[in-house]
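The values are calculated or read from the model by the stated rules, or taken from the named source; none is laboratory data. Every value quoted in this text rests on a predicted model; they were computed, and no experiment measured them. Quick reminder, even Gly has a Cβ in these numbers, built from the backbone with ideal geometry, and neighbours come from all protein chains shown.
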Amino acid sequence: MCDHKYSILSLHSLLTGGEFCVLNFIHRRPCSHLTNVHIRSKMACSVSDTPSLKDLPKVATDLKSQLEGFNTSCLRDVDTNEKIVLPSAEDVATEKNQKSLFDGIEKFDASRLKHTETQEKNPLPDKDAIEAEKEKNKFLNGIENFDPSKLKHTETCEKNPLPTKDVIEQEKTA
């Protein structure tokens with residue numbers, strides 16, 4: 001059992017690419033030897049590409065001492081299972097169809113086309129349509145530009161005629 005405080009899984013969350021290079025440089029190993037560690041940086045890391053000491057990020061001393069004393073024999077060997085998914089027959093058929101279409105487009109000979117004359121038709125509206133649109137615009141302008149000050153003031157008188165006695169008696173008998 002490994003007696004270190006940090007396991008390899010917690011190491012990969014703590015290390016950036018530069019720190020990973022420092023760890024491997026300290027142990028005199030190229031980066032490719034530790035394949036179980038995921039590097040979070042896009043920095044290329046090899047022994048020949050090792051940056052100068054002043055360019056390397058600073059690692060905390062307690063972490064550095066734990067990294068220097070890390071025993072790689074605590075790691076288990078892991079076999080990687082690569083799953084290769086083959087495309088289905090339908091995928092292959094669609095890809096062949098697309099490839100044939102692209103090939104046809106790339107190899108197309110434009111000199112085989114015939115020259116044609118384009119006839120542009122721009123039919124203008126007839127007189128009735130123009131007159132109808134003018135009347136509609138005139139009507140809308142009259143509504144939009146209406147001046148309420150031209151209205152006369154009126155008094156509203158509500159009339160509610162009451163029924164006579166004869167009408168009331170007729171309704172009672174009915």
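Each residue in region 71-111 was checked for being among the β-branched types (Val, Ile, Thr) and either surrounded by 10 or more Cβ atoms within 10 Å (Cβ to Cβ) or touching a strand residue (DSSP E or B) at 6+ places or on another chain (Cβ under 7 Å) (or both), and 3 of them qualify. Counting only helices (runs of 4 or more DSSP H) that sit completely within region 55-166, those holding 1 or more residues that are on the phi < 0 side of the Ramachandran plot, under 48 Å from the mean Cα position of the chain (by Cα) and at pLDDT below 85 correspond to 61-68. Within region 112-120, none of the residues are hydrophobic (A, V, I, L, M, F, W, C) and surrounded by 10 or more Cβ atoms within 10 Å (Cβ to Cβ).
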